[in-house]
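Read the structure below first, then the notes.
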Amino acid sequence: MGVKLIKIAAVYFVLGILLGMYMSISHSYDYASVHTHVNLLGWASLALAGVIYVLFPAAGESTAGKVHFWLHNIGLPVMMIGLALLVSGMESVEPVIAVGGVLVTLGILAFLYNVLTNVKSTHRRKR
């Protein structure tokens, strides 16, 4: 699961950068919140989680790791599309943003559970 997270994080990175370039070229920064969330929750957070899952394979292979991956990667696009539509003036999409946000939050809670239960030190002290 770690490698998949790193790969999808790279996709979010490209999307975030392209959105930033669009805003810069157009001199319209209406989508700054979308840009920020894609880069933070997509690129940075998923890349770090991917590295953790690679370093701790038990976490990456766990059910909690899979739940984290899917909830985060279903919720984030839903939330970001909703946020982009809201910024564009479509106020009726607020519930969509909330659904996406809840899915991402549940995914991150699965990540927390996974780290607490499956990330363990492999170093043993000599007695």
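Between 0 and 90 degrees, the angle of helix 63-87 with respect to the longest Cα principal axis of the chain falls at about 10 degrees.
Computed from the C-beta positions of T36 and M90, the FRET efficiency with R₀ = 30 Å rounds to 0.95.
Taking all Cα pairs closer than 8 Å and separated by 6 or more residues, the relative contact order of region 17-104 comes to 25 percent.
Here the accessible area of the chain is 71 percent carbon and sulfur, with a 1.4 angstrom probe and all protein chains present. For region 3-51, the equivalent ellipsoid derived from the alpha-carbon gyration tensor has semi-axes of 23, 9, 5 Å in decreasing order. Relative to the longest principal axis of the Cα atoms of the chain, the long axis of helix 2-26 lies at roughly 20 degrees.
Surface exposure of the chain, expressed per residue as accessible area with a 1.4 Å probe, stands at 62 Å².
For the chain, with the dipole built from +1 on Lys and Arg beta-carbon atoms and -1 on Asp and Glu ones, taken about the Cα centre, which of I81, P57, I108 lies farthest toward the positive end? The residue sitting farthest along the positive end of the dipole is P57.
Placing dummy labels 7 Å off each Cα toward the beta-carbon, the span from V3 to S28 is 4.1 nm. According to the Kirkwood relation over distinct C-alpha pairs, the hydrodynamic radius of the chain is 15.4 Å.
The values are calculated or read from the model by the stated rules, or taken from the named source; none is laboratory data. This one's a predicted model, so the numbers in the text were calculated from it and none came from an experiment. Quick reminder, even Gly has a Cβ in these numbers, built from the backbone with ideal geometry, and neighbours come from all protein chains shown. Quick note on the areas: whole protein, heavy atoms, side chains included, nothing else; ligands and nucleic acids left out. Shrake-Rupley method; radii C 1.70, N 1.55, O 1.52, S 1.80 Å.
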